[in-house]
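Here the structure is laid out as C-alpha cells; the discussion comes afterwards.
The values are calculated or read from the model by the stated rules, or taken from the named source; none is laboratory data. For clarity, every value in this text was computed on a predicted model and none was experimentally measured. No Cβ is skipped: glycine too gets one built from the backbone with ideal geometry, and neighbour counts run over all protein chains shown. Note: accessible area is taken over every heavy atom of the protein model, side chains too, but ligands, DNA and RNA are not part of it. Shrake-Rupley method; radii C 1.70, N 1.55, O 1.52, S 1.80 Å.
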Amino acid sequence: MTTTIRLSAARLSSPFVRQVEKISGQKLLACYQCGKCSAGCPMAPHMDMLPNQIIRLAQLGMEEKLLASNAIWICVSCMTCNTRCPKDVRIAEVIEAIRATVLRTNARNDRLASADFLPETLAALPPIALIAGLRKLTS
Amino acid sequence: MKLAYYPGCTLKNHARNFDDTTVASMARLGVEVRELERWNCCGTVHGLASDNLMQRAAPVTNLIRVKESGAGEFMTGCAMCYNTLKRANQHMRKDAAALATLNDFLSLEETQYAGDVDVFHLLEFLRDRVGFDKLAAAVTKPLKGLRVACYYGCMLVRPREVAFDDSESPAIMENLIAALGATPVPFALKAECCGAYHAVGRPEIVADRTDKIMGSALAHAADIVIVSCPLCAHNLDHKQVEAKKHHPDFHGLPVLYFTQLMAIALGCDDAAQHFELHHVDPRPLLTDRGLA
Ligand code: SF4
Ligand code: SF4
C-alpha cells in the first residue's frame, strides 16, 4: 500500500504545531523516530496509530489526521514512553496537548459523559476512576 | 511518632480496607497516623498541559492543609494521590511564578504555600523512616509460604522525578513483603499499566490488561497480587469479571493492598480488613495458609 503525504513549509510551522509545542512544552523535532515509545506502549494494541506516528504527524503538522485518530484518547498517560525516550521527548505531554486542542474548542467534544452510564455502573466505579476519566476526557 | 496522613477519596469508600489497615498497621509500628482534619480530592491525575495552572489548585490546597495542621511532612498510601501531590509540589518548588499565581488565586486561604511541605508515600516512609528491619522485628504472624506478586503500576515509579525506586525494575514492595516473611515472586509486568480510567468507558481495554497482568503473576505461581492504588485494585480485582468475558481461559487471583498483608503479619484486628469489599474473596486462601 502506498500513502501519499503532502508536506509544505506552511504546515511545519502552522498554528497547530506551535500550539502543540506550547501546551506540551516539547520540541517536536527532537524526536528521531526510533520507535522505542511505541515498542513499550501498553495501549498500542488498541490504538489506530502508534505513539511514534503521533509524534511524526505532529512534526509534520498533520492536524486533521491527528484530531480524528482514536489513539489520542486511548493513551492513558502511563508515562512508560516518557521514561524510555532516548531524546527525552515527553510523548504523553504531546498527546495531552493534542487532546486539549479538541477539548478546548467551543463544541462539547467530551469523550465521556456520566449520563451515558447506568446508576449501577456508576455505583460500582470508585471515585478515583470517575474523576480521572472525567479529567482526561472532558473539557 | 506522629505522622500527618492524607487518605484520598477512594479510601473512604471502595478502599476502606486500604485506609483502615494503614492506620492499624502503622500503630503497631509505633506511628500514630493522624488524618488531616480538612482535605479535598487531589484531582487524581497530574495535569500535563503546561498552560493549565488550575489543575494545581486541588493538590496545593491539600499541601496548605498539611501546613495548617502544624506538620512539615505527610504521608499518603494511594499511588495516584501520591503522584499528583508530589508532582504539584515539585512544580511549585521549581516555578516561582506559578507558585505566586496560585497563591493569588487561593487568596482566601489563610495560609500561603511556599513549597515547604514534604510528600511521602507510605512505602517510602516505611523503608526510610521506620526501616524494614524494624518492620520484620514487629511481625507476630510471619506470612510463611505465601507467594506474592507485587504490582506497582505506573504512579509509584513514573515519571522518574517522583519515583522512590527504580522506574523499570522496582523492588521496594518485594523487600517489604520479605520482611513480613512472605515470598516475593518474579513478576515481569509489575510496572505495566492496568488501563487506569478506561475502567469507566472502555472496560474491554482494562479486561485485556488484567488478563495479561494476571497471566504474568501466575507464570511464577503467585498466590496473590498486592497493590498500592485503588484504581489498580479495581481493575485487577473487580474487572476480573470483564476479563473472563473477553478471555475465556482467564485465571484470576485475590488482590490485596500491601497494608492488608502488613496488618495480618503484625497481628492487627481483622475488622480493619473489610474483605467484603473484594471481588475475589481472599479468605479461603488466607485460611488455608493459617493466616485468617
Ligand atoms: S522514543 Fe522518543 S525519539 Fe524515539 S520515536 Fe518515540 S518520541 Fe521519538
Ligand atoms: S503514556 Fe500513552 S503513549 Fe506513552 S506508553 Fe503510556 S499509553 Fe502509550
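One table, with the values for the structure above:
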| item | result |
| --- | --- |
| Qualifying residue in the stretch A:6-14 (condition: within 16 Å of ligand 1 (Cβ to nearest atom) and either out of contact with any Phe, Trp or Tyr (no Cβ under 7 Å at 6 or more places or on another chain) or within 13 Å of chain B (Cβ to nearest Cβ) (or both)) | no |
| Those helices (runs of 4 or more DSSP H) lying entirely in the stretch B:4-108 with at least 1 residues open to solvent by 50 Å² or more (accessible area, probe 1.4 Å) and among the small types (Gly, Ala, Ser) | B:16-28, B:96-105 |
| The listed residue being open to solvent by 30 Å² or more (accessible area, probe 1.4 Å) and farther than 25 Å from A:ARG18 by Cα, out of A:ALA129, A:ALA123, A:ALA107 | A:ALA123 |
| Matching residues in the stretch A:48-57 - criterion: being open to solvent by less than 30 Å² (accessible area, probe 1.4 Å) and either assigned to a loop (DSSP other than H, G, I, E, B) or within 14 Å of chain B (Cβ to nearest Cβ) (or both) | A:MET49, A:PRO51 |
| Close pairs from the stretch A:21-45: first assigned by TED's automatic domain parsing to the domain that holds A:ARG84, partner surrounded by 22 or more Cβ atoms within 10 Å (Cβ to Cβ) and of a type in the set (D, E, K, R), Cβ under 7 Å, at least 6 apart | A:SER24/A:GLU96; A:PRO42/B:ARG209 |
| Selection status of B:LEU135, part of a helix (DSSP H, G or I), outside the structural domain of B:GLN240 (by TED's automatic domain parsing), closer than 26 Å to B:VAL119 by Cβ and not charged (D, E, K, R) | yes |
| Some residue of the stretch A:111-124 being farther than 16 Å from B:PRO203 by Cα and touching a Ser or Thr at 6+ places or on another chain (Cβ under 8 Å) | no |
| Long-range neighbours under 6 Å by Cβ, at least six apart or interchain, first residue at the interface with chain B (Cβ under 9 Å from one of its Cβ atoms) within the stretch A:75-98, second among the hydroxyl-bearing types (Ser, Thr, Tyr) and within 9 Å of ligand 2 (Cβ to nearest atom) | A:ALA92/A:SER77 |
| Pairs where the first residue, in the stretch B:159-183, is touching a residue at least 24 places away in the same chain (Cβ under 8 Å) and on the phi > 0 side of the Ramachandran plot and the second is open to solvent by 20 Å² or more (accessible area, probe 1.4 Å) and assigned to a loop (DSSP other than H, G, I, E, B), C-beta under 8 Å, 6+ apart | B:GLY181/B:VAL139; B:GLY181/B:PRO142; B:GLY181/B:LYS144 |
| Filter result (of a type in the set (Val, Ile, Thr) and more than 14 Å from every other protein chain (Cβ to nearest Cβ)) within the stretch B:1-50 | B:THR21, B:THR22, B:VAL23, B:VAL31, B:VAL33 |
